[in-house]
Each structure stands twice: as C-alpha cells, then as structure tokens.
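Chemist: Below you will find the structure I want to go over with you.
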Amino acid sequence: MAQNPVGKTTIDPDEIEKFSVIADEWWDPFGKFKPLHKFNPVRLAYIRDSVCTHFSLDRRGNKPLKGLRLLDIGCGGGLVAEPMSRLGAHVTAIDASERNIKTAMTHAAPLNLDIDYRATTAELLAEENSESFDIVLNLEVVEHVADVDLFLETSAHLLKPGGIMIMATINRTLKALALAKVGAEYVLRWLPAGTHDPRKFVKPEEAKSALSRAGLTVTAEAGVSYNPLMDIWRISEDTAVNYMLTAVNN
C-alpha cells in the first residue's frame with residue numbers, strides 16, 4: 001500500500017467554489033449537470049460489471065455489491081453514491097464542498113439510503129489511517145485537482161490489498177478540447193462556461209503511470225463516446241475524449 005504524504009493537499013479552491021455555487025442543481029436532469037445524468041447509466045454499468053468481474057460476483061443479482069466497502073471521492077450530489085448503495089455496497093462518499101454534501105444528504109434522506117456522506121478530502125481521510133476500502137471511485141475528479149500524482153497516490157493509500165479503483169476523466173487532446181470544452185460549454189451549453197480547464201485534462205498514459213507509481217496495476221481501459229444522433233453515451237475503444245481506467249491493488 002502506498003504511503004500517505006501527510007500534510008499535503010490536492011485541493012484547488014477555485015475548483016471547489018466552481019461546483020459549490022451550483023450545488024443545488026445536482027439532481028435536476030435538465031439543469032447544469034444534465035450531461036452527467038445522461039452519462040451516468042454507462043459509467044454505473046461499467047463500475048458494476050468491473051467490480052463484479054474482479055470479485056467474481058453475479059452482476060445480475062439484486063444487490064451484487066453487498067458486503068463491499070466503497071469510497072466515492074468527489075461525490076458531488078450523490079449521483080453515483082446512491083446507485084452504488086442500492087447495489088448493496090456500504091458507501092462512504094466524500095467531497096471537499098460542504099454544499100455538495102448537504103445536497104447529497106438532503107436527497108438521500110427520504111430514500112432511506114444508508115450512505116456515509118462526509119465533507120472532507122482524500123488526504124484528510126488518508127491521514128486518519130483508520131479506514132480502507134474494497135472499491136475506490138475517482139469519477140470526473142482528477143481534471144479538477146491541483147496535483148494528479150498526489151491525488152492518485154492518496155487514493156491508492158485508501159484501497160485495501162486486492163481492492164479495485166475505477167477512474168474516469170477527460171483526455172488532453174484536440175478532440176477533447178473541441179468537444180468537451182468548446183462544444184459542451186460554449187456551443188451546446190451543456191455545462192457552465194469555465195467548468196473545465198483543458199490544461200488540466202489528463203492523458204491515459206499519464207494517469208496509468210501515476211497509478212503504477214502509487215502501487216496499482218491498470219487492468220482495463222475504455223473510452224466513453226457520445227452518439228449525437230441517438231443522444232446516448234456508450235462504451236467504446238475511442239479514448240480521445242472521455243475514458244475510464246480500472247486498476248487493482250495487488
């Protein structure tokens with residue numbers, strides 16, 4: 001297990017504030033997080049299938065993730081934490097924005113979902129050195145942190161031996177600049193202008209190198225592509241814009 005770099009932080013205050021000001025809109029499927037609502041079914045299926053394959057579980061079961069501890073880092077309003085809880089995982093979901101966490105807790109309360117929401121960071125959780133997880137999710141987070149290597153190293157510290165990490169982010173390519181930045185923010189207006197800084201996009205080889213240095217082994221890579229004619233997202237071999245990585249802690 002990687003050693004925790006005590007006292008350091010990956011938090012970018014500007015990025016936290018950016019999402020805090022629109023925290024009330026997390027669960028509006030037609031609001032500022034509309035792309036995530038459309039994207040969510042694809043990534044949820046990918047997570048479920050990857051975890052079930054890794055732990056030799058039946059993905060068709062009612063609660064296939066029952067008994068597994070899952071950490072959702074940068075959970076936002078809980079768009080992933082809630083489905084993971086329904087799949088049976090014991091979910092801890094953290095976010096550096098207190099407003100995001102309050103939104104997530106408010107939404108989950110009437111649904112009787114037992115999710116451990118915390119307004120904290122991966123670094124602070126790792127410094128406590130008292131918890132580890134079977135599954136760690138880093139979904140659309142690394143492009144918003146101040147130090148990608150440190151963030152992934154810290155995340156690896158929170159993973160149990162034999163555990164699995166799933167990371168999703170945006171590639172640093174001209175295609176991603178055109179579609180994920182210019183197209184999504186300024187042409188289609190799917191996202192508020194300024195949501196992404198393309199200089200912080202991460203190439204797959206950079207992420208894989210960082211995960212390897214953190215002591216993990218990347219076992220799978222997949223692209224996520226948008227079909228504008230059918231208005232759906234799907235798993236593909238094209239990693240030029242959105243991609244996901246699976247890594248294990250051997």
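The values are calculated or read from the model by the stated rules, or taken from the named source; none is laboratory data. From a predicted model like this one, the values you see are computed outputs, not experimental measurements. Using ideal geometry, Cβ is built from the backbone for each residue, glycine included, and neighbour counts are taken over all protein chains shown. Heavy atoms of the whole protein, side chains included, go into the accessibility calculation; ligands, DNA and RNA do not. Shrake-Rupley method; radii C 1.70, N 1.55, O 1.52, S 1.80 Å.
Chemist: Roughly how many Å² of Glu143 are accessible to a 1.4 Å probe, to the nearest 10?
Modeler: 0
Chemist: Below 14 Å, Cα to Cα, which aspartates and glutamates can Lys32 reach? Residues fewer than 8 away in the same chain don't count.
Modeler: Asp24, Glu185
Chemist: Enumerate the residues in segment 122-140 having an amide nitrogen under 18 Å from the point lying 7 Å beyond the Cα of Lys63 toward its Cβ.
Modeler: Of the residues in segment 122-140, 134-135 have backbone N under 18 Å from the label point off Lys63.
Chemist: Quickly work out the Lys203-to-Lys102 label distance, labels modelled 7 Å from Cα along the C-beta direction, and quote it in nm with one decimal.
Modeler: Going by the 7 Å Cα→Cβ label model, 4.2 nm.
Chemist: For Trp233, Trp26, give me the order by solvent-accessible area with a 1.4 Å probe, most accessible first, ignoring ligands, DNA and RNA. Could you put the intermediate results ahead of the total?
Modeler: Numbers: Trp233 40, Trp26 20 Å².
Largest to smallest exposure gives the sequence Trp233, Trp26.
Chemist: OK, next. Which of Leu211, Leu57, Leu152 ends up with the largest GNM mean-square fluctuation for the chain, with Cα atoms connected below 10 Å?
Modeler: Leu57
Chemist: Something else: Where the accessible area of the chain is counted over protein heavy atoms with a 1.4 Å probe, how much of it, in %, is carbon and sulfur?
Modeler: Ligands and nucleic acids excluded, carbon and sulfur give 54 percent.
Chemist: Continuing with the same structure: Taking the full set of protein chains and a 1.4 angstrom probe, give the accessible area of His90 in square angstrom, rounded to the nearest 10.
Modeler: Its accessible surface works out to 80 Å², give or take rounding.
Chemist: Plugging the Kirkwood radius over Cα pairs into Stokes-Einstein for segment 34-133, at a temperature of 25 °C and a viscosity of 0.890 mPa s, what D comes out in µm²/s? Spell out each step's value before the answer.
Modeler: Working: Rh = 14.0 Å.
Approximately 175 µm²/s, per Stokes-Einstein.
Chemist: Structure shown: which of Lys34/Lys200; Lys18/Lys200; Lys175/Lys200; Lys63/Lys208; Lys18/Lys208; Lys38/Lys66 lie over 20 Å apart, alpha-carbon to alpha-carbon? Walk me through the numbers on the way to the answer.
Modeler: On the way: Lys34/Lys200 22 Å; Lys18/Lys200 15 Å; Lys175/Lys200 15 Å; Lys63/Lys208 31 Å; Lys18/Lys208 27 Å; Lys38/Lys66 26 Å.
Correct reply: Lys34/Lys200; Lys63/Lys208; Lys18/Lys208; Lys38/Lys66.
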